[in-house]
Amino acid sequence: MIQDVRLNTSTEVNPNIKLFAQEVFNNDEIKEINHVMFLSFSKNLEDNQSAGLILSSIIPTSPKRPLYYVNFEVSHGPQMVTRYVVHYLCAYLNTLLDDLAKDIGGFKRFIPFGGILRKIKGKINPELYDKLDKYNKLFYVPAKHNFNPYDAKDHLFSLKDAIYCCYITMKLKDAIESMSISIKRKVD
């Protein structure tokens, strides 16, 4: 069960997000992600810039609106506004899910993430559904709806959470793209 977790500093990681990442990635991928986190927290400015460049390299540039904002934020390395990064990555994945839902069920467009999940349950791989459901609970719902921090020093998403979100979003993007005719047409 996913519990509400408040972070005291931006250097901590939500344990639920860390567990989710361990479900999504193999050991080599986790090492790569940890390397980006290491660079992000380095006191060396060049390391920080390298982390931003690595993150920018995994984020596509289309569709322009949500990913433009993500790329803008991650280019700032550790100074990125983590809530914006997570929020716009969620908006991007919502767009992809919207296209997938249209392909597999002819559903009305522009349904919120959780609504799409309910409509496509049983029509996609159960493992992918479970990952999307966790993503919705860990990232989408808090980023979209939680505007009431317990304390000014608390962070909704730490830098590490945002880095995990970048990688998890791209992994789920690949799985969704492989199933959607509409997305494949847009990419080609």
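A short reminder: the numbers here are calculations on the coordinates, not readings from a lab. Just so we're clear, the structure is a prediction, and the values are computed from it rather than from any experiment. All Cβ positions, glycine included, derive from the backbone under ideal geometry; neighbour counts span all protein chains shown.
Once phi is turned into θ = phi - 60°, what whole-Hz ³J(HN,Hα) does the Karplus curve with 6.51, -1.76 and 1.60 give for every residue of the stretch 16-24, x standing for Gly and Pro?
5, 5, 4, 4, 4, 4, 5, 6, 7
Could you list Glu177, Glu73, Glu29, Glu46 in order of exposure, starting from the residue whose Cβ has the fewest other Cβ atoms within 10 Å? Mind dumping the intermediate values first?
Values: Glu177 16, Glu73 25, Glu29 13, Glu46 9.
Ranking Glu177, Glu73, Glu29, Glu46 by Cβ neighbours within 10 Å, fewest first, gives Glu46, Glu29, Glu177, Glu73.
Considering only Cα-Cα distances, which of the following residue pairs are longer than 30 Å: Lys18/Lys43; Lys31/Lys131; Lys43/Lys144?
The pairs that break the limit, which is 30 Å between Cα atoms, are Lys43/Lys144.
For a quick check: with amide H placed at 1.01 Å from N, whose amide H comes under 5 Å from Met80's, ignoring anything fewer than 5 positions away on the same chain?
none
Using the Karplus curve 6.51 cos²θ - 1.76 cosθ + 1.60 with θ = phi - 60°, work out ³J(HN,Hα) for each residue of the stretch 32-46 in order, rounded to whole Hz, and write x for Gly and Pro.
4, 5, 4, 5, 4, 5, 4, 4, 5, 9, 5, 7, 8, 4, 5
Run through the stretch 41-111 and list the trypsin sites (Lys or Arg not before Pro) located in a DSSP loop whose Cβ has at most 15 other Cβ atoms within 10 Å. Don't skip to the answer; put the middle values down first.
Numbers: sites: Lys43, Lys64, Arg83, Lys102, Lys108, Arg109; in loops: Lys43, Lys108, Arg109.
Taking the stretch 41-111 and a limit of 15 other Cβ atoms within 10 Å, the loop trypsin sites (Lys or Arg not before Pro) found are Lys43, Lys108, Arg109.
Net charge near Gly52, counting Lys/Arg +1 and Asp/Glu -1 over other residues with Cβ under 13 Å of its Cβ?
Values: positive: none; negative: Glu46, Asp47, Glu73.
It works out to a net charge of -3.
Just want the answer: with Cβ charges of +1 for Lys and Arg and -1 for Asp and Glu, which residue in Phe41, Tyr92, Phe72 is farthest toward the dipole's positive end in the stretch 15-187?
Of the listed residues, the answer is Tyr92.
Residue-wise, which Karplus ³J(HN,Hα) couplings in Hz belong to the stretch 53-70, taking 6.51 cos²θ - 1.76 cosθ + 1.60, θ = phi - 60°, and x for glycine or proline?
Each residue's phi maps through the Karplus curve to give 5, 4, 4, 4, 6, 8, 8, x, 10, 9, x, 4, 4, x, 7, 4, 5, 4 Hz.
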